[in-house]
Structures are given as C-alpha cells and as structure tokens.
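Participant: Take a look at the following structure, please.
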Protein chains: 2
Amino acid sequence: MIATPSRKDAREILALNIKSLRAERGWSQEDLALEAELHRTFVAHVEMGRRNISLDNIQKIAGALGVSVGELLS
Amino acid sequence: MIATPSRKDAREILALNIKSLRAERGWSQEDLALEAELHRTFVAHVEMGRRNISLDNIQKIAGALGVSVGELLS
C-alpha cells in the first residue's frame, strides 16, 4: 500500500494556517479565541498541533478568520 | 457581526464529498471503513452529518480515498 500522509500533517497544516491568518489580522491567540468562542488555551494547543480538533471547532475558527474550512486545511 | 456559515455546512460538505468519492470508486461504506480503519456505522453517521468528526479521523478518510484533507472539505 502506498504511504498515506501521517495524521500529524493535517494538524500541522491547520496550525500553520491559523497562525498565519491570525498574524495577518494582528490578532493574539486570545483575540481569535474570543472571536471563535473557544478557550485561549485550546487555540494555543491547536496551534501546537497537540489537539485532535473536531470539525465543528475547525468551522468556528474558520468563521472567525473569515475563511472556509477547506481553505483553512489546504 | 456578519453571519458566518453554520456549523452544519462543513459537515454537509464533508458528507457530500465522501459519498461522491466513494461512489466514484464503487466502494460501499464498509469498504471505505475498512480502508480508513474506522467502523462502518461511524462512516454512515459522518455521511449523514451526524458526527462531529475529529481532524485525525478526517485525515484517515482522506487517506483512504486518496485525496487531501483540504480537498475533502472544499
């Protein structure tokens, strides 16, 4: 079987995109957390690739950053 | 505040893409479940938009279908 991307890849893509979009907006992790109605430490862990985030929470973050879920994971 | 997409949207996009890619391959839900190392009823519920699936499991399904996580959610 051909090797499929490791699980960590999607977490890394998500983390990099969140950090990059947050920086573009000049937002702190706390700003993003407030906008997405999530906890700041949760956002911090997602940005470190340490959380197996659910799709509903990915959508909250995408909505807060004004991008689609597909964009946030590409 | 501008309305952001509802949470259900991402679930619906995911469900439609999984069903479509599975059909292209002529796979049953069980075939996909086996390939992704998930339970058949889990796959069925995801295809009905009833599960708040985690990113790691989205990546398993994407890997089984041979697409990226970004594609599966676009």
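Values quoted throughout were computed directly from the atomic coordinates according to the rules given, and no laboratory measurement underlies them. None of these values were measured; they are calculated from a predicted model. When we count neighbours, we look across all protein chains shown, and the Cβ atoms used for this are built from the backbone with ideal geometry, even at glycine.
Participant: Determine the relative contact order of chain B: mean sequence separation of Cα pairs under 8 Å and six or more apart, normalised by residue count, in whole percent.
Facilitator: Details: 62 pairs, mean separation 27.8, N = 74.
Once normalised by length, the contact order is 38 percent.
Participant: Just how large is the dipole of the protein assembly as shown about the Cα centre, in debye to the nearest 20, putting +1 at every Lys and Arg Cβ and -1 at every Asp and Glu Cβ?
Facilitator: Details: 20 positive and 20 negative charges, 54 e Å.
That gives the protein assembly as shown a dipole magnitude of about 260 debye.
Participant: Moving to a separate point now. Within a 10 angstrom radius of each residue's Cβ in A:58-64, how many Cβ atoms of other chains show up on average? Whole number is fine.
Facilitator: Taking the mean over all residues of the peptide, I get 5.
Participant: Moving on. Let me know the shape class of the range A:12-58, please: from the alpha-carbon gyration tensor, a ≥ b ≥ c as square roots of the eigenvalues, rounded when a/c is under 1.5, otherwise prolate if a/b is greater than b/c, or oblate.
Facilitator: Numbers: a/c = 1.67, a/b = 1.18, b/c = 1.42.
Judged from the Cα gyration tensor, the range A:12-58 comes out oblate (a/c at least 1.5, b/c at or above a/b).
Participant: Next up: Treating the point 7 Å from Cα along Cα-beta-carbon as the label, what are the nm separations from residue B:19 to the other copies, to one decimal?
Facilitator: 3.8
Participant: Quickly rank A:35-46, A:56-67 as a protection proxy: mean count of other C-beta atoms within 10 Å, highest first. Could the numbers behind the result be given before it?
Facilitator: On the way: A:35-46: 17.0, A:56-67: 21.2.
Ranked by mean Cβ neighbours within 10 Å, highest first: A:56-67, A:35-46.
Participant: Next up: Determine the shape class of the protein assembly as shown: with a ≥ b ≥ c the square roots of the Cα gyration tensor eigenvalues, call it rounded for a/c under 1.5, and otherwise prolate if a/b is greater than b/c, oblate otherwise.
Facilitator: Numbers: a/c = 2.25, a/b = 1.76, b/c = 1.28.
Prolate, since a/c reaches 1.5 and a/b exceeds b/c.
Participant: Ok, one more. Distances in nm, one decimal, shortest first, from residue B:66 to the same residue in every other copy, taking the label point 7 angstrom along Cα→Cβ.
Facilitator: So the distances to the same position in the other copies read 3.9 nm.
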